[in-house]
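Take a look at the structure below.
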Amino acid sequence: MKKHAGMLLDMDIWNFKWARGCPWNEETCSSAAYGGHLELLKWAREMVPWMKTHAWELLKWSFGTFEMAHENGCPWDDYTCRGAARGGHLELLKWAHENGCPWHESAGRIAAEGGHLELLKWAHENGCPWDEYTCSAAAERGYLEILKWARQNGCPWDEATCFHSAYGGHLEMLIWARQHGCPWDENRCLYYAKQRNHQNVVNWIESNLISRVELNIIMAESCNHATQ
């Protein structure tokens with residue numbers, strides 16, 4: 001079967017199977033790339049074509065392996081930058097972007113989600129798009145420093161930032177977000193904090209809800225006195 005050629009990774013076996021007419025296709029390069037077998041990949045590349053998936057399959061291996069593949073015609077697309085961001089491969093991302101690899105719209109979110117602050121900084125400075133999901137991804141994983149930096153540099157946020165902070169039990173994150181004007185649905189945050197047994201978050205939200213109710217009562221009483 002064709003898939004057998006993609007599974008045999010010993011060079012002697014490869015040469016023997018090739019001489020005996022073992023069939024192969026794009027999966028041959030794919031298996032070599034996924035396993036990080038550079039010499040086998042070079043050899044197989046002369047026989048079968050690349051697939052787009054090969055570029056991101058190579059991301060977890062050495063810079064040299066990735067560079068060799070690209071210089072020998074391995075195609076890439078925006079998922080290549082996305083994969084580099086997910087793995088925290090800053091030098092590889094720099095090289096890929098500088099050599100024309102396009103940004104993926106979720107690369108910023110992926111970098112924040114992985115806790116890769118330096119990568120996110122460089123990507124943003126070099127035109128990588130970001131949106132509210134970048135902040136909510138940082139909140140979901142509890143990366144307060146990333147959230148702070150993103151906000152200081154103009155990254156937008158929405159209610160999802162507070163929600164993910166509460167859902168994940170990240171009280172310091174939630175407090176900071178609220179203190180800096182992040183919108184929230186306090187009832188939704190409270191519900192999921194209870195569901196996830198984050199009692200410290202529950203206590204903080206409930207104390208804020210009580211304070212707000214008391215403030216509303218005081219304001220209502222003041223308005224009543226003013227109209228009398």
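The values are calculated or read from the model by the stated rules, or taken from the named source; none is laboratory data. Predicted model, so just to flag it, every value in this text is computed and none were measured. Neighbour counts run over all protein chains shown; Cβ positions are idealised from the backbone, glycine included.
Listed here are the residues, each with its yes/no results for (1) at pLDDT 95 or above; (2) closer than 20 Å to Arg82 by Cβ.
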position	(1), (2)
Lys94	no, yes
His97	no, yes
Glu118	yes, yes
Asp131	yes, yes
Ser136	yes, yes
Arg141	yes, yes
Glu172	yes, no
Ile175	yes, no
Ala193	yes, no
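For a quick check of your reading of the model, give me the residue pairs whose first member lies in region 157-175 and is touching a residue at least 12 places away in the same chain (Cβ under 8 Å), whose second is hydroxyl-bearing (Ser, Thr, Tyr) and surrounded by fewer than 21 Cβ atoms within 10 Å (Cβ to Cβ), with beta-carbon atoms closer than 7 Å and at least 6 apart or on different chains.
Final answer for the pair search is Ala166/Tyr192; Tyr167/Tyr192.
From the list Glu105, Glu113, which one is within 17 Å of Arg82 (Cβ to Cβ), assigned to a loop (DSSP other than H, G, I, E, B), of a type in the set (D, E, K, R) and in contact (Cβ under 8 Å) with a residue 12 or more places away in the chain?
Details: Glu113 fails: assigned to a loop (DSSP other than H, G, I, E, B).
Of the residues listed, the single one that is within 17 Å of Arg82 (Cβ to Cβ), assigned to a loop (DSSP other than H, G, I, E, B), of a type in the set (D, E, K, R) and in contact (Cβ under 8 Å) with a residue 12 or more places away in the chain is Glu105.
What about Ala139, is it aliphatic (A, V, I, L, M), surrounded by 20 or more Cβ atoms within 10 Å (Cβ to Cβ), at negative phi and touching a His at 6+ places or on another chain (Cβ under 8 Å)?
Considered against the rule, which asks whether it is aliphatic (A, V, I, L, M), surrounded by 20 or more Cβ atoms within 10 Å (Cβ to Cβ), at negative phi and touching a His at 6+ places or on another chain (Cβ under 8 Å), Ala139 comes out as yes.
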